[in-house]
Amino acid sequence: MRWEGQRESDNVEDRRGMGPARVGGVGGLGLGGIVLVLAVSYFTGINPVTLLNMLNGVQEITDSSAPSEPAPTAPAGSPSDKLGKFAGVVLADTETTCRQLLGPQYEDPRLVLFTGAVQSACGTTSSAVGPFYCPRDHKVYLDLSFFNEMSQRLGAPGDFAQAYVIAHEVGHHVQNLMGIAEKVTRLQRQASEREGNALSVKMELQADCFAGVWGHHAKRERNLIEPGDFEEGLRAASAIGDDRLQKMSRGSVQPESWTHGSSEQRMTWLRKGLETGDPKACDTFTNNRL
Ligand SMILES: [Zn+2]
């Protein structure tokens with residue numbers, strides 16, 4: 001990507017190296033849960049990130065109407081390192097695209113960079129969960145070490161693969177603003193576990209498609225995209241498909257337990273966004289290809 005020298009967002013909170021204010025919030029995964037996951041991981045040999053990915057899908061669409069905790073008043077500074085600046089440029093470019101497509105009423109989300117664990121209005125969360133969006137405080141939470149995990153363990157390197165991850169979480173913010181997240185949460189309350197998972201998959205695939213919509217505009221209007229970038233993104237979408245992660249962790253595949261979609265589905269919807277640049281093309285809920 002040609003990102004250096006581009007505008008960085010003012011909406012980045014750099015909390016790296018600070019740690020959470022306290023441990024054990026509501027809605028997120030408490031320390032007990034983390035220890036449990038690490039213990040299960042230790043005894044089974046399953047990657048804790050894989051184990052926690054399933055929790056992540058649930059967490060991302062937490063009810064947005066619940067009362068929020070006061071936001072942590074951590075001092076925030078702009079990142080001065082390359083990866084932090086990169087995240088700021090990607091976020092800024094999603095702001096430009098979303099305002100263009102959704103109108104001036106679009107409210108920017110904030111991006112919190114952290115290491116290890118973080119406190120949000122959704123509770124205290126370990127970075128083992130992976131990047132997530134908290135609808136209660138409109139913030140995306142990202143431990144940049146996830147990008148090492150992607151390139152080294154999951155075989156998905158590259159700056160556009162990283163940008164896709166950020167844009168996917170911004171996609172959840174858009175779903176929150178549009179009321180989609182709330183509707184899905186309401187439907188999930190009355191649904192069986194299997195139906196609830198299917199709804200989660202549709203949410204996730206739509207976020208992938210929205211990420212693609214951003215990529216389309218970053219290329220066409222601001223020339224940020226270099227040859228090979230979109231392929232990096234599609235490789236990443238494939239790498240984090242539920243079928244692949246399940247195969248990696250336990251050797252078998254159980255589609256009814258998927259919360260994010262298969263490699264094929266994730267690539268299909270990311271590609272649809274990249275090709276069309278149109279959020280209306282991202283209707284995963286009625287499109288009968290699902
Ligand atoms: Zn997601």
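The values are calculated or read from the model by the stated rules, or taken from the named source; none is laboratory data. Since the model is a prediction, treat every value here as computed from it, not as a measurement. Note that we place each Cβ from the backbone using ideal geometry, even for glycine, and neighbour counts take in every protein chain shown. To get the accessible areas, we keep the full protein, side chains included, count just its heavy atoms, and leave off ligands, DNA and RNA. Shrake-Rupley method; radii C 1.70, N 1.55, O 1.52, S 1.80 Å.
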Review point. Considering only protein heavy atoms, what per residue accessible area in square angstrom results for the range 132-290 with a 1.4 angstrom probe?
Key: 41 Å²
Check your understanding: Using alpha carbon centroids, what distance separates the range 192-249 and the range 127-159, in Å?
Key -> 13 Å
Exercise for review: Could you give the size of the charge dipole of the range 153-290 about its Cα centre, using +1 on the Cβ of each K and R and -1 on the Cβ of each D and E, expressed in debye and rounded to the nearest 20?
Suggested key: 240 debye
**Study point:** Cα-based equivalent ellipsoid of the range 171-282: semi-axis lengths in Å, sorted from largest, via gyration tensor
**Key:** 26, 20, 8
Review point. Got a number for carbon plus sulfur as a percent of the range 204-273's accessible area, 1.4 Å probe?
Key: 48 percent
